[in-house]
Amino acid sequence: MGKHALPTGGPRERALLVGVELRGTDSILSLDSSLKELALLADSAGLSVVGESRQRLQKPDPKTYVGSGKVKEIRALAEETLADVVLFDEELSPRHQRELEKEFDEEVRVLDRTALILDVFAQHARTREGALQVELAQYEYRLPRLTRAWTHLARQAGGGAGRTGAAGGVGLRGPGETQLEVDKREISRRIHHLKGEIEKLRAHRGRYRSRRRHSQIPIVALVGYTNAGKSTLLNQLTDGGVFVANQLFATLDPTTRRAELPGGKAILVTDTVGFIQKLPTTLVAAFQATLEEISEADLLLHVIDISHADAAAQARSVIETLRDIGADTLPLLTAANKIDVLPNGKPAFPEAVPISALTGEGMPELLAAIENELYIVMVPVRVQLPYEQGRLISMFHEHGLVELEQHVDGVVKMEGRLPRRLAWAFKPYREDLEESALG
């Protein structure tokens, strides 16, 4: 195993957590809550937490992130607890990573939150697409951090490359090349290959989504903080048989199942990857194909674990991530999950539909709310449709309320109201986009 790889089996390695609170920054979670979340991530990755160290700083130290005195304190604590890994609750810059590694014995590895999340994702990717996306994110994260300590590319993938054959032999070196230069070139080549493979899968998924759209069955995407209960809710709504576990990122790859609304109409429900604070930018970029499942949905169902002490902060983190991926303009319905474990049974989100995905409580009300959003709530639309778009003209008449229709210069001008889920289809021909909240 390479120096920076995390364990994926066998005895648990011992991890020492390091949390830093920067004054003046607006963190979603408190330092205490963030370290608790880091401990859960470490557990999901197969690490055993043996201690923690905290520091409040005005700004990160340019060399070692924490001050030199704190580094000595952490090193002593690592020796005392026999820690194998020192785990920082931030994404360390390549320089911070290199300088910190010099401060510890070779047996003690320095990892950051991003490397940990990438490893958890690598362990939980079940499909080829998921594995490729994780591997791409891992390599893009590692490339600027390569040092001689990484020794050889074949030992670097913490799950992704091992499964997909990323790191066979690296071939012959050119004149005067170091192993580090060979590894960097090989990783760059592998990144290029992975992007090509993911793009092929992305195109295939796009064609599949297009077929789903033509079926006019609306798509509801479950979004929420990791471990909020999305997979349990998918099973409750659809009898989907999706794997459920009480740990972070238990499911990674999107799963779609069919469900029926009270009025007899069908919907497709998609369970997507859980969000988390400080989600690595490399991961968001690599998982673009999967995240498109969210941006292409007719309705987002935001599942909140209201039994969690940081429910409000977690909900804000989800909304911010939706904004980052351009999905914040989609219709959003909120479900306040886990009311079965609330002392008074009353959630702190008055606009949300209170449910228990585990017991089924609130399911009729939730399905009625979904039906209302998809079929009853209509939005004003003004379009100019070419005659060859007969399908859209028919759709407007069949599913909407036509208030004005004019045939002028080879186009059909139509004004009226459409179910919010169908407005997407008219986007190229709409004149009212600047006035529409749908975008």
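Read-outs throughout are calculated quantities, based only on the coordinates presented, and are distinct from any laboratory measurement. Keep in mind the model is a prediction, meaning the values are calculated, not measured. Here the Cβ is made from the backbone with ideal geometry for all residues, glycine too, and neighbour counts use every protein chain on show.
Determine how many Å³ per residue the convex hull of the Cα atoms of the range 6-57 encloses.
Numbers: hull volume 3.8 nm³, N = 52.
Value for the range 6-57: 72 Å³ per residue.
Using the beta-carbon distance between residue 197 and residue 424 and R0 = 22 Å, what value does 1/(1 + (r/R0)^6) give for FRET efficiency, to the nearest 0.05? Spell out each step's value before the answer.
Numbers: r = 28 Å, r/R0 = 1.29.
After rounding to 0.05, the efficiency reads 0.20.
For residue 411, enumerate residues with amide H under 5 Å from its amide H, sequence gap 5+ or separate chain, H modeled in the peptide plane.
Counting only residues 5 or more places away or on other chains, the set is empty.
At a 10 angstrom cut-off on C-beta neighbours, averaged per residue, how do the peptides 404-415, 221-232 rank from highest to lowest?
Working: 404-415: 12.9, 221-232: 25.3.
Peptide ranking by packing, descending: 221-232, 404-415.
Can you tally the net charge around residue 137? Count Lys and Arg as +1, Asp and Glu as -1, for every other residue whose Cβ sits under 12 Å from the Cβ of residue 137. Could you put the intermediate results ahead of the total?
Values: positive: 142, 195; negative: 119, 135, 140.
In short, -1.
For the range 63-128, with only Lys/Arg (+1) and Asp/Glu (-1) charged at the beta-carbon, what is the dipole magnitude about the Cα centre, in debye rounded to 20? Can you show the working numbers first?
On the way: 11 positive and 15 negative charges, 74 e Å.
I would put it at about 360 debye.
Place a point 7 Å from the Cα of residue 349 along the Cα-to-Cβ direction; which residues of the range 288-328 have their backbone N under 11 Å from it?
It comes to 301-308, 311-319, nothing else.
What FRET efficiency comes out for the pair residue 394/residue 417, r = Cβ-Cβ distance, R0 = 22 Å, nearest 0.05? Mind dumping the intermediate values first?
Working: r = 16 Å, r/R0 = 0.74.
Plugging the Cβ-Cβ distance into 1/(1 + (r/R0)^6) gives 0.85.
Which ³J(HN,Hα) values in Hz, rounded to whole numbers, follow from the phi angles of the range 262-275 under the Karplus curve 6.51 cos²θ - 1.76 cosθ + 1.60, where θ = phi - 60° and Gly and Pro get x?
In residue order, the calculated couplings are x, x, x, 6, 9, 9, 10, 10, 10, 8, 10, 4, x, 8 Hz.
For residue 342 and residue 107, calculate 0.36 nm times their separation in residues minus their Cα-Cα distance, and state this gained length in nm to one decimal. Could you put the intermediate results ahead of the total?
Numbers: separation 235, 0.36 × 235 = 84.60 nm, distance 4.49 nm.
In short, 80.1 nm is gained.
Amide H to amide H under 5 Å from residue 86: which residues, 5+ apart in sequence or cross-chain, H placed 1.01 Å off N in plane?
Counting only residues 5 or more places away or on other chains, the set is 16, 109, 110, 111.
From the cross-link list 63/230; 59/200; 72/230; 195/265; 265/427, which pairs have alpha carbons spaced over 31 Å apart? Each step should come with its number before you reach the end.
Numbers: 63/230 41 Å; 59/200 43 Å; 72/230 43 Å; 195/265 38 Å; 265/427 24 Å.
Distance filter (> 31 Å) returns 63/230; 59/200; 72/230; 195/265.
Work out how far the C-alpha atoms of the range 13-119 reach from end to end along every principal axis, then list the three figures in whole Å, largest first.
34, 28, 23
With a 10 Å radius around each residue's Cβ, average the other Cβ atoms per peptide and rank 135-141, 82-88, 375-381, highest first.
Values: 135-141: 24.9, 82-88: 22.7, 375-381: 16.4.
Answer by packing, highest mean first, reads 135-141, 82-88, 375-381.
Name the residue farthest towards the positive end of the dipole of the range 378-435 from the options 385, 401, 411, assuming +1 on Cβ of Lys and Arg, -1 on Cβ of Asp and Glu, about the Cα centre.
About the Cα centre, the residue reaching furthest to the positive side is 401.
Give me the dipole magnitude in Debye, nearest 20, for the range 378-435 about the Cα centre, with unit charges on the beta carbon: positive for Lys and Arg, negative for Asp and Glu.
Details: 8 positive and 10 negative charges, 62 e Å.
In debye, rounded to 20, the range 378-435 gives about 300.
All other residues with a Cβ under 10 Å from the Cβ of residue 70 taken together, and with Lys, Arg as +1 and Asp, Glu as -1, what is their net charge? Show your work: numbers first, answer last.
Values: positive: 54, 72, 75; negative: 61, 73.
Result for the local shell: +1.
Output the relative contact order of the range 314-438, whole-number percent, from Cα pairs under 8 angstrom with separation of 6+ residues. Spell out each step's value before the answer.
On the way: 156 pairs, mean separation 27.4, N = 125.
Worked out over the range 314-438, it gives 22 percent.
What does the charge count near residue 59 come to, summing +1 for each Lys or Arg and -1 for each Asp or Glu among other residues with Cβ under 13 Å from its Cβ? Can you show the working numbers first?
Details: positive: 23, 56, 63; negative: 21, 61, 90.
Value of the local net charge: 0.
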